[in-house]
Amino acid sequence: MIIFDLICTDGEHRFEGWFGSSNDYADQQHRGLLDCPVCGSANIAKAVMAPNLGRKGNQQPVVSRTVDDRPEPPTVAKPVINKVAVPAEYQEMIGKLVKAQEKMLANSEWVGDKFADRARDIHYGDADEKPIHGTASKEEVADLAEEGIAALPLPLPVLPPESKN
């Protein structure tokens, strides 16, 4: 996983995006799948990020001295933990949602970015009727809706089968 700081160029809203790789980010950006969680704008770019670099191996830590010129023990930096406390009832609810989605997708076929085409084929009788899931841009979903083809977003993200270990 790679985390990018993203910025909405319309409203200058900053947020994080988690991607499987830099190529995943570029692909989602190209297909218009990224939007601002604050205002919904699709004008998203990577924000400038400072690299997380450690101290060089040849650099010594700065040792401060006490009043009587004895070295103070070096302070140890504590790791920053970005863990948010989630109430137990939310954890339970998310767990139930995960199980429900897994049950829904158990008999569904992953069609990747061919979702809109496959949904049309099924709707118009050119393919056997069966549950499918995949990815589609906002425009593709809007076009499907105009044609009377129902397509609903999944409540939780789904990793493509080829991305799973």
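Out of the residues in the stretch 1-29 meeting the condition of being of a type in the set (Gly, Ala, Ser) and more than 23 Å from GLU139 (Cβ to Cβ), tell me which one is nearest to the chain's Cα centre (by Cα). Checking each candidate, the answer is GLY20.
Where residues in the stretch 112-121 are free of Cβ contacts under 8 Å to residues at least 24 places away in the same chain and assigned to a helix (DSSP H, G or I), which of them is surrounded by the most Cβ atoms within 10 Å (Cβ to Cβ)? Spell out how you get there, then give the answer.
Initially, the stretch 112-121 is screened for residues free of Cβ contacts under 8 Å to residues at least 24 places away in the same chain, giving 114, 117-118, 121.
Imposing the further condition that a residue be assigned to a helix (DSSP H, G or I) reduces the set to 117-118, 121.
On the way: ASP117: 15, ARG118: 19, ASP121: 16.
Top of the filtered list is ARG118.
Count, please, the residues in the stretch 122-137 that happen to be closer than 14 Å to ALA151 by Cβ and either of a type in the set (Asp, Glu) or surrounded by fewer than 14 Cβ atoms within 10 Å (Cβ to Cβ) (or both).
1
Applying the set (1) assigned to a loop (DSSP other than H, G, I, E, B); (2) within 25 Å of ALA42 (Cβ to Cβ); (3) without any contact (Cβ under 8 Å) to a residue 40 or more places away in the chain; (4) hydrophobic (A, V, I, L, M, F, W, C) to LEU154 leaves exactly one unmet item: (3).
Summed over the stretch 96-111, residues that are in contact with a Pro (Cβ under 9 Å, 6 or more places away or on another chain), part of a strand (DSSP E or B) and either among the β-branched types (Val, Ile, Thr) or loosely packed, with under 14 Cβ neighbours inside 10 Å (or both) total 1. Among the residues of the stretch 113-139, those that are charged (D, E, K, R) and either in contact with a Lys or Arg (Cβ under 9 Å, 6 or more places away or on another chain) or not assigned by TED's automatic domain parsing to the domain that holds LEU97 (or both) comprise ASP113, ASP126.
Among the numbered conditions (1) surrounded by 11 or more Cβ atoms within 10 Å (Cβ to Cβ); (2) farther than 21 Å from ASP27 by Cα; (3) charged (D, E, K, R), the only one that GLU140 does not meet is (2).
The values are calculated or read from the model by the stated rules, or taken from the named source; none is laboratory data. Keep in mind the model is a prediction, meaning the values are calculated, not measured. FYI the Cβ positions are ideal-geometry reconstructions off the backbone, even for glycines, and counts take in every protein chain you see.
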